[in-house]
Amino acid sequence: MAESEASVTAEAEQVERARSSIGFIDRALSFLSSVKLGITLMLLLIFFSILGTIIIQYNVDGFEKYYASLTPAQRQLYHMLGLFDLFHTRWFNALLILFSLNLILVSIDLFPKAWRYVAQPKLSATPAFLRTQSVYRSFRLPQDDGLVDRLTEVMRSFRWRPTITTNPPYTTVFAQKGVWNRFVVFIVHIAVLVILAGAFVGSRWGYEGIMPLAPGETANAIRISGAPVLGIPDRMQPLPFTVVCTNIRVDLRDPDGPLAQGNFENWYTDVKFVKGEDAVEATVYLNHPVDYEGYRFFQASFSPQAGEASDIVVDVDLPDGGQRELTLVRNKPVQVDGLGQVTFVKFYSDFGVADGQPKSVGTDYKRPAAELEIVRPDGRRQRTFAFSSEIMKFIRTETNMAEKLRVGGYSFTLKEFTRAPLYHVLQVQYDPGVDAVYFGFVLLCVSLIAVFMFSHERVWAVIEKQEHGQTALHLAGHTNRNPIGFEKKFAAFVEALAPSGEETTSRT
């Protein structure tokens, strides 16, 4: 007997513990799916996102100057809370995940109710039900001949879809329009989740850095800025392709002015993206980024020093003693009859020789020279130089030197050139979640338009048989959006129906 009582007691305790666990889970889910929590989390995310733009992040230009302007207490507090790298902190990501979970749970709670409007519409109604709706009118009619047909005809004219249900003593004509609007809220939630997912992916696996490029240089990595004051070093991030700089160019407001920020109208970097056997040419210039393989390239800055040239004009001395003028853009071959293809490949602002190799010994354009590559008709490649007219006058007095500069009887004199900085700096951004963010914003805009511009309209007409052959007609309607507009539409519907009888009740 005692063993039986102990067994019953143990079972009761297990049931109680199970109920307690279920109760805790229900309370937790109820809290996580509450609208109040969702609004609170959304406001927190907005606040911290704004804070993350006010507080300069460590990988943004100007951070060291900003950091120096803070007090020691501010530095310690911001560093402890992770505010110098706010969007990568665990607590900010936790807020994103919690807000996403709240949206999912809220959607799960709301979906069954929304689905009932599709699966179980209110096809059969009573006068008592109609009196509870936002708009209601009733009439006493001497007869109901053709009333159902008249109702369906007028409802269709308002683009409502009628359904007739007979449930004595009532006949209900139910019509509705825009039931899909009940589900738009879920599309809004999906759009927000897509945006949050894209932002999370971009924050977790995206990066941004710089790539300095001079003409003729190649690069397959970018430098991601660190923060020495925080003990975070710069690092190199490899790219899955190679970038070849073919030329750099500038548009100057004053062609004779300095190569300085105030005199620049625009600057261009001609590049070639090489991946395996594929090569794609592009030009990056101000306010015109270039996208390649998920990476975006912007113009960021340029060298404060001059010393390059984007294009040149040369005088070509022909074998028959004649002369012609030739304009050459760097790395763009030009065909010269009788000689072959001529390409301007390198520029020396102050030509000199070191260890037997030509080089620029300065950036002040004292002794400018251009290196040319010539591909002869038979395929042979030869190199020569175009010097300024002053230097060429001296060279022509030295027979051996002049002959070395001749290619197939042709020689070149540098006449003009367009100055350019030594290098440009490209900003490179990789954000694997950006497409999801764009798609999410488009979906959000479309769904919000659908929320506020359309509505789910429902109209009931209940025909009630009364004594002495009379008929009572009850009309009611309901909408989930724009009730004022629906009241006007319902009034127009009643007017179009024009029931020939006494109106007994009206409420709009």
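Quick notes
- R0 of 51 Å, Cβ-Cβ distance Thr126-Val229: FRET efficiency to nearest 0.05: 0.10
- At least 27 Å along the helix axis (C-alpha) and Kyte average at least 1.6, DSSP helices within the chain: 35-54, 184-205, 434-453
- Among the trypsin sites (Lys or Arg not before Pro) within segment 243-344, those in coil by DSSP and having at most 12 neighbouring Cβ atoms inside 10 Å are Arg253.
- The chain, relative contact order in percent, only Cα pairs under 8 angstrom and at least six apart counted: 21
- Pairwise FRET efficiency - Leu110 versus Asp145, Cβ, R0 = 25 Å, nearest 0.05: 0.05
- Dipole of the chain computed with +1 at Lys/Arg Cβ and -1 at Asp/Glu Cβ about the Cα centre; of Ala436, Pro162, Pro233, farthest Cα towards the positive end is Pro162.
- A crude spin-label estimate for the pair Asp251 and Met401, with each label 7 Å from Cα along the Cβ direction, gives 4.1 nm.
- Lys, Arg +1 and Asp, Glu -1 on Cβ, resulting dipole of segment 307-419 about Cα centre, debye, nearest 20: 200
- Considering helices alone, the calculated mean residue ellipticity of the chain at 222 nm is -12000 deg cm²/dmol, with DSSP H runs of length four and up weighted by -39500 (n - 2.57) and normalised per residue.
- Based on alpha carbons, the Rg and Dmax found for the chain are 39.4, 131 Å.
- One chain, two ends: Glu64 and Tyr78. Fully extended at 0.36 nm per residue, the span grows by 3.6 nm beyond their Cα-Cα distance.
- Computed E for Ala197/Asn220 - FRET, C-beta separation, R0 35 angstrom, nearest 0.05: 0.70
- Positive-pole candidate from Val135, Ile46, Leu98, dipole of the chain, charges at beta carbon: Val135
- Loop-resident sites, segment 346-377, for trypsin sites (Lys or Arg not before Pro), counting at most 13 other Cβ within 10 Å (DSSP): Lys366
- Annotation note: GluC sites (Glu not before Pro) in segment 203-305 located in DSSP loop regions with a Cβ neighbour count of at most 10 within 10 Å are Glu277.
- Distance between the pseudo-spin-label points of Glu277 and Thr163 (7 Å out from Cα toward the beta carbon): 6.2 nm.
A short reminder: the numbers here are calculations on the coordinates, not readings from a lab. All of these numbers come straight from a predicted model, not from anything done at the bench. Glycine gets a Cβ as well: all are built from the backbone with ideal geometry, and neighbour counts include every protein chain shown.
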